[in-house]
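Enquirer: Let me give you the structure first, and then I'll get to my questions.
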Amino acid sequence: MDFLRLFRALGDETRLRLVNLFVQSKEAICVCEMTDAMLVPQYQISRHLTVLKNIGLMTTERFGTWIYYSLDRNASPCTADLMAVIEKHFKQKYGEDIKRLNDRLAKREAGRCVLGYALIEKEGSLSKQEKGKRNSSKFHG
């Protein structure tokens, strides 16, 4: 692994928040779950995941419509040490992301995302208009 590229990638707060989600949850997560957890648009999440995947930090697996991302736990011993530091020191800093992710993961069926984008607002609820949009359209992650 090119550690200069790794540290450059983690210098972006959105990518650091993404890595923290994976480190804290120890789960494979689909894009729509990350979007809801971080309250960041899907295109931004996808762009940042591409950077993390290109440096060898992420792996992907497709299940139907959904693509699940996870940390490559075998990237290198140095990367494992860095993930331990992130796990220890960033849990509190990005605690709201983790709370929203855990709420979102609780909606899985048989361990898999079934909702697509839930359109979670900062208050954690959907407006009647958004519920109508969600029920009338198909959302995918």
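Every number here is computed from the coordinates shown, using simple stated rules; none is lab data. Note that the structure is predicted; figures quoted are calculated from it, not measured. Every residue, glycine among them, receives a Cβ derived from its backbone with ideal geometry; neighbour counts consider all protein chains shown.
Per-residue answers, yes or no, for (1) exposed (fewer than 11 other Cβ atoms within 10 Å of the Cβ); (2) small (Gly, Ala, Ser):
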position: Asn54; (1), (2): no, no
position: Gly64; (1), (2): yes, yes
position: Tyr69; (1), (2): no, no
position: Ala80; (1), (2): no, yes
position: Glu96; (1), (2): no, no
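Enquirer: If a residue must be surrounded by 19 or more Cβ atoms within 10 Å (Cβ to Cβ) and in contact with a Phe, Trp or Tyr (Cβ under 8 Å, 6 or more places away or on another chain), how many such residues does the range 7-20 contain?
Expert: Total satisfying the criteria: 2.
Enquirer: Quick one: in the range 2-33, of everything that is in contact with a strand residue (DSSP E or B) (Cβ under 8 Å, 6 or more places away or on another chain) and assigned to a loop (DSSP other than H, G, I, E, B), which residue is farthest from Ser46 (Cα to Cα)? Outline the logic, then answer.
Expert: Taking the range 2-33 and keeping what is in contact with a strand residue (DSSP E or B) (Cβ under 8 Å, 6 or more places away or on another chain), we get 19, 21-23, 27-32.
If we keep only those that are assigned to a loop (DSSP other than H, G, I, E, B) too, we end up with 27-28.
Numbers: Glu27: 17, Ala28: 15 Å.
In this case the residue turns out to be Glu27.
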